[in-house]
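Read the structure below first, then the notes.
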Amino acid sequence: MTTNSLSDALAIRAMASSFDAQRGKLPVPGDPHRLPGSIVVAQQISELGKLITELGDEVLFRTVNKEAGSRTTPAVSGFSAAVRYAGEAATALGEVAQQLAFLEQTEHLHEEPDARDAREAAGLVIDDRLETADTALREAADSLHAASTTVSPPSSRLRAALTRTTTPVYGAAPASLAPSASAPAPAARTVRGR
């Protein structure tokens, strides 16, 4: 199998979507009465490990199969950059798992003042690490989306479509939408301020 800029861009976009999906599965930080389950966090760590392996496979495939004059280097760079963010997210989730294990081990001590303070601190660490994981997964997806554009820039038609506005501009109607002489004029709109 040979690679070209379109297949590279599609592979990068698919990987970016995987990171977006992984980010969507993260528990929401901030609710002290609803901590993430340790099984859920362990599954997310496992899924991130698989994504890191996939990133490594993409880099390896393109590096080994690099043809003379091919433009695989931007794809290799894009996949490689995402590894760092994926590692940061996995590390953060590893710390969440560690804090959850501590909370499970100290459940029977929740009434003791020292244990209560340590358990509250663990909750704060969990929230912080979940936010770190969220940020790292977003950065992984964003870097991959940017890499896909670098590998295979959008066509001129797509760029033109993206620059067009879908918001009507009052006072100027496109020629195809201009009222004809036989059509009744639209009623005047009253715009009210707040």
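Coordinate-derived values only; no laboratory data. None of these values were measured; they are calculated from a predicted model. Every residue, glycine among them, receives a Cβ derived from its backbone with ideal geometry; neighbour counts consider all protein chains shown.
With labels modelled as points extended 7 Å from the Cα through the Cβ direction, what inter-label distance (nm, one decimal) is found for Arg34 paired with Asp20?
2.5
Could you give the length gained on full extension between Asp117 and Ser80, defined as 0.36 nm per residue of separation minus the Cα-Cα distance, in nm? Don't jump to the answer; show the numbers that get you there.
Numbers: separation 37, 0.36 × 37 = 13.32 nm, distance 4.08 nm.
So the chain would gain 9.2 nm between Asp117 and Ser80.
Once you place label points 7 Å from the Cα toward the Cβ at Thr91 and Thr149, how far apart are they in nm?
Rounded to a tenth, the inter-label distance reads 2.8 nm.
Applying 1/(1 + (r/R0)^6) with R0 = 25 Å to the Cβ-Cβ distance of Thr73 and Arg138, what FRET efficiency is obtained, to the nearest 0.05?
Details: r = 25 Å, r/R0 = 1.01.
After rounding, the FRET efficiency stands at 0.50.
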